[in-house]
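Encoded as structure tokens, the structure appears first; notes follow it.
The values are calculated or read from the model by the stated rules, or taken from the named source; none is laboratory data. No experiment lies behind these values; they were computed from the predicted model shown. Here Cβ is always computed from backbone atoms with ideal geometry, including for glycine, and neighbour counts include all displayed protein chains. Note: accessible area is taken over every heavy atom of the protein model, side chains too, but ligands, DNA and RNA are not part of it. Shrake-Rupley method; radii C 1.70, N 1.55, O 1.52, S 1.80 Å.
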Amino acid sequence: MIEYETEYEYVRRLRLAMSMPSQGMLRSKKLIWKMNYEDSRRAFCDFPGKYIATSMFLPSEIIAAMDYPFIPYEPLAVSVGMMDFNKGLIERSERHFEGMQLCSPIEVMIGMIEEEMIPPPGAIALSSYMCDDAQKMYELIARRYNCKSFFLDMPFDSNETSIKYIEEQIKSLVSFLEEYIGKKMDPESLKKAIDRSNKANDLRYKILEMRAKYQLTEVSDVFPLYPMFTKFGRKEPLAILEALYDEMREMIDLDRLFKPKYRIMWLGMIPLLHNKLIKTIERTYDAGIAIEENSLFSLWSDIDPERPYEGLAKKCVAYHPMGNVNRRIEAVNKFHDMFRVDGVIHFSHQGCRAYNGGVPFIAREMKRRGIPFVELNGDIIDRRNFNEGSLGLRLESFFDVIEGKRNNL
């Protein structure tokens with residue numbers, strides 16, 4: 001029974017997706033769909049024109065402590081691609097921005113608002129990292145719907161000066177939210193949000209440690225780690241990671257492990273439209289995705305609840321793709337050794353300048369170390385720019401190199 005007057009199309013689609021048979025699906029994945037549905041229903045149906053749209057790398061603990069509905073737009077757009085109803089939305093957006101090569105999730109979000117599949121927000125809070133297209137999308141929405149907006153400028157360098165600079169901006173973010181929501185930040189609520197964030201982060205480290213030792217399952221079962229970053233500080237991400245941790249412990253205890261011949265590191269984004277690429281890697285080449293970069297791109301230490309703004313600023317500068325490309329290369333080398341992988345795949349999502357610009361430098365470093373590397377080009381949700389045939393040929397050559405290296409050929 002729907003308890004609200006208007007059910008927006010996106011919310012209806014999520015509800016239908018949740019009603020589909022889910023036999024064999026991990027409980028943690030079910031909880032993610034449930035969280036996304038309940039968050040979307042509350043924001044779009046209970047707070048239409050009032051909820052806060054956020055970008056991915058804004059400190060989520062702040063808004064979680066305010067207990068106000070917020071929706072990170074980028075993961076929402078990706079979920080549309082997973083449910084496979086994004087084609088018309090992208091084309092709608094392209095009619096407005098002809099000749100521009102925008103990131104497809106950004107095109108989806110513009111199309112969704114144009115088609116009134118979701119209501120516009122009342123306020124926008126975003127950071128400059130990591131996507132220029134996203135910044136322009138939020139700017140467009142803010143102008144069109146006269147939304148109040150806050151912009152957190154992320155510096156290029158990761159040092160004490162940058163941390164202090166971000167810390168002062170986070171304090172300004174709190175003031176912005178207090179004025180928009182109409183209530184003051186409760187210090188105890190912020191401490192509780194940070195405590196939940198720290199507990200979730202500790203679980204994430206434990207899960208990563210297990211994945212370094214075991215090929216626990218197929219990558220589609222552990223990808224839930226990725227969208228959790230955008231909602232840390234709330235109860236739901238902690239419950240999801242607790243469920244995922246328990247499920248993985250059970251797999252180890254019952255020896256229900258995926259035991260591939262090769263272990264692969266996946267850099268860049270993972271295509272989420274319906275495709276056979278990952279299954280081809282797992283079944284045709286007997287290879288497992290040992291780790292994906294999107295589960296690793298932010299590894300931060302516990303946030304001090306007594307110094308919350310400083311701790312959140314340190315979290316902001318912990319993203320290894322941010323700044324000089326050498327920082328990302330160092331992380332790739334570290335994770336290659338930690339997860340004992342046989343080769344590295346970089347999926348270069350069309351229009352993603354933040355990730356793709358570093359590919360030549362990563363490829364050169366992998367060549368220097370003698371690590372098999374391949375770049376796959378495509379789109380994570382736009383089928384028009386995803387050619388499984390040509391990607392399959394590149395994978396075949398890639399695994400020939402891995403096999404030859406293992407056999408000392």
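Of all beta bridges that DSSP places with both ends in the chain, some 5 percent have antiparallel geometry. Across region 375-381, computed HN-Hα scalar couplings (Karplus, 6.51 cos²θ - 1.76 cosθ + 1.60, θ = phi - 60°) run 9, 10, 10, x, 10, 6, 9 Hz from first to last residue, x flagging Gly and Pro. Look at [x] 29.1, 107; [y] 21.0, 68; [z] 22.3, 74: the one that is Rg and Dmax of the Cα atoms in Å derived from this structure is [y]. With the largest listed first and rounded to whole Å, the semi-axes of the equivalent ellipsoid of region 130-170 from the Cα gyration tensor are 26, 13, 4. The H on the amide N of Ile291, modeled in the peptide plane, is under 5 Å from the matching H of Ile264, Trp266, each at least 5 residues off or on a different chain. The chain: longest stretch without exposed trypsin sites (Lys or Arg not before Pro) (DSSP loop, at most 16 other Cβ within 10 Å), sites themselves excluded? For trypsin sites (Lys or Arg not before Pro) (loop position, at most 16 other Cβ atoms within 10 Å), the longest site-free span of the chain is 51-182. Sorted from longest to shortest, the spans of the Cα atoms of region 168-213 along the three principal axes equal 48, 20, 16 Å. I need the GluC sites (Glu not before Pro) found in region 252-343, filtered to DSSP loop residues with at most 15 other beta carbons within 10 Å of theirs. Passing both the DSSP loop test and the Cβ count: Glu306. Of the DSSP H helices in the chain, those that are both long (alpha-carbon extent of 18 Å or more along the helix axis) and hydrophobic (Kyte-Doolittle mean at least -1.0) are 160-181, 235-253, 325-339, 388-406.
With coordinates expressed along the principal axes, the C-alpha atoms belonging to region 197-332 extend over 50, 36, 28 Å, beginning with the largest. Rounded, prolate or oblate: which fits region 348-409 when a ≥ b ≥ c are the square roots of the eigenvalues of the alpha-carbon gyration tensor, with rounded for a/c under 1.5 and prolate only if a/b beats b/c? Cα axes put region 348-409 in the oblate bin. Accessible surface computed residue by residue for the chain, with neighbouring protein chains in place and a 1.4 Å probe, gives 45 Å² per residue. Using a/c under 1.5 as the rounded threshold, could you call region 266-409 rounded, prolate or oblate? The axes a ≥ b ≥ c are square roots of the C-alpha gyration tensor eigenvalues, and prolate needs a/b larger than b/c, oblate otherwise. Note, shape of region 266-409 comes out prolate.
Scanning the chain for chymotrypsin sites (Phe, Trp or Tyr not before Pro) in DSSP loops with at most 13 neighbouring Cβ atoms within 10 Å leaves 157-409 as the longest stretch between them.
Taken about its Cα centre, the chain carries a charge dipole of about 740 debye when Lys and Arg each add +1 at the Cβ and Asp and Glu each add -1 at the Cβ. Quick one: grab the alpha carbon gyration tensor of region 300-378, order the square roots of its eigenvalues as a ≥ b ≥ c, and give me rounded if a/c is under 1.5, else prolate or oblate depending on whether a/b is larger than b/c. Prolate, because a/c is 1.5 or more and a/b exceeds b/c. The distance from the alpha carbon centre of region 359-409 to that of region 141-216 is 35 Å, rounded to a whole number.
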